[in-house]
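Accompanying notes for the structure given below.
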Amino acid sequence: MCAAISQLEQESLLEKLDVFKIKGRDKHGRKILRIIGKFFPARLVSVEVLKKYLEERVFPKLGKKKFAVLYVHTGVQRTENFPGISGLRSIYDAIPANVKGNLEAVYFIHPGLQARLFLATFGRFLFNAGSCGGFFACDRLYGKLRYVSRVDYLWENVRRNQVELPEFVFDHDKDLEYRPMMDYGLESDHARVYGGAPTVDSPVTTYSMRSC
């Protein structure tokens, strides 16, 4: 990540874009930490600022109870929204042990072929013994991952009307119904544009939201 704005501006941008939001519960009664991958401005926010933001504004709200992550991968672009492998590892290492221990499930919406291959290849090894207590601990972490290829399948695990998702997530669902090969990376989704990368002045309302 290469930040060109101040730390305060970076923190304000994360808050404005609503990248991380704790709201609702899954069917096991666990709090949900929703993460919208497309909202994350990787080119503007440094790893250190992100770690500080999570430590001060997100993790304390989770408390000491079990929780689940709802990660929305729809529309994510590697050049705009991905912090890099080393950045991802650094962020994971900074997560307190109690928070890692309380994470029980990760619902991964619209993973796509590339994300599936990346996680299948590196998911068990990206976080080595020094960061997660050995290979089998990492394997258990990987085992918490739940791929959700359609929004309708999310309701098998998450209570309806508990979370808000951007409208473009539902648009992508419709695209997949008519172009199912997109699930396997055999057809591009370039025909639909979900909006440009966020800037410092980008309002959250650039993306309309829908309560589910």
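Quick test for you: out of Lys21, Lys16, pick the one residue that is open to solvent by 20 Å² or more (accessible area, probe 1.4 Å) and part of a helix (DSSP H, G or I). Show your work before the answer.
Numbers: Lys21 fails: part of a helix (DSSP H, G or I).
That would be Lys16, the only listed residue that is open to solvent by 20 Å² or more (accessible area, probe 1.4 Å) and part of a helix (DSSP H, G or I).
Out of Val106, Val72, Val58, report the one residue that is in contact (Cβ under 8 Å) with a residue 40 or more places away in the chain and farther than 18 Å from Pro166 by Cα. Talk me through it step by step, then tell me what you get.
Values: Val72 fails: farther than 18 Å from Pro166 by Cα; Val58 fails: in contact (Cβ under 8 Å) with a residue 40 or more places away in the chain.
After applying the criteria, what remains is Val106.
Of Val49, Val72, Val76, Val99, which residue is in contact with a strand residue (DSSP E or B) (Cβ under 7 Å, 6 or more places away or on another chain) and open to solvent by less than 70 Å² (accessible area, probe 1.4 Å)?
Details: Val49 fails: in contact with a strand residue (DSSP E or B) (Cβ under 7 Å, 6 or more places away or on another chain); Val76 fails: in contact with a strand residue (DSSP E or B) (Cβ under 7 Å, 6 or more places away or on another chain); Val99 fails: in contact with a strand residue (DSSP E or B) (Cβ under 7 Å, 6 or more places away or on another chain).
After applying the criteria, what remains is Val72.
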Quiz item: For segment 65-104, which helices (runs of 4 or more DSSP H) that fit wholly inside it have 2 or more residues that are more than 18 Å from Phe122 (Cβ to Cβ)?
Solution: 78-81, 97-102
Practice problem: Exactly one condition in (1) open to solvent by 20 Å² or more (accessible area, probe 1.4 Å); (2) at pLDDT 85 or above; (3) within 28 Å of Glu156 (Cα to Cα) is not met by Leu44; state its number. | Solution: (3)
Exercise. Select from segment 125-149 the residues that are in a loop (DSSP other than H, G, I, E, B) and at pLDDT 65 or above and write down the one among them that is least open to solvent (accessible area, probe 1.4 Å).
Key: Ser149
Exercise. Select from segment 150-169 the residues that are crowded, with 17+ Cβ neighbours inside 10 Å and either over 19 Å from Ile32 (Cβ atoms) or at pLDDT below 90 (or both) and list them in ascending order.
Key: Gln162, Phe168
Quiz item: Among the listed residues Lys52, Lys38, which satisfies the condition of being under 15 Å from the mean Cα position of the chain (by Cα) and either part of a helix (DSSP H, G or I) or free of Cβ contacts under 8 Å to residues at least 60 places away in the same chain (or both)?
Solution: Lys38
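Out of segment 1-13, which residues are touching a residue at least 12 places away in the same chain (Cβ under 8 Å) and either part of a helix (DSSP H, G or I) or surrounded by 15 or more Cβ atoms within 10 Å (Cβ to Cβ) (or both)?
At the first step, the residues of segment 1-13 found to be touching a residue at least 12 places away in the same chain (Cβ under 8 Å) are 1-5, 7, 9-11, 13.
If the condition is that a residue be touching a residue at least 12 places away in the same chain (Cβ under 8 Å) and either part of a helix (DSSP H, G or I) or surrounded by 15 or more Cβ atoms within 10 Å (Cβ to Cβ) (or both), then Met1, Ala3, Ile5, Gln7, Glu9, Gln10, Glu11, Leu13 are the ones that fit.
Would you check which residues across segment 172-204 are modelled with pLDDT of 75 or more and either assigned to a loop (DSSP other than H, G, I, E, B) or surrounded by 14 or more Cβ atoms within 10 Å (Cβ to Cβ) (or both) and list them? Before you say what the answer is, go through the steps one by one.
Residues of segment 172-204 modelled with pLDDT of 75 or more: 172-178.
Passing the criteria: His172, Asp173, Asp175, Leu176.
The values are calculated or read from the model by the stated rules, or taken from the named source; none is laboratory data. Keep in mind that this is a model prediction, so the values were computed, not measured. Positions of Cβ are generated from backbone atoms using ideal geometry, with glycine treated the same way; all protein chains shown enter the neighbour counts. Quick note on the areas: whole protein, heavy atoms, side chains included, nothing else; ligands and nucleic acids left out. Shrake-Rupley method; radii C 1.70, N 1.55, O 1.52, S 1.80 Å.
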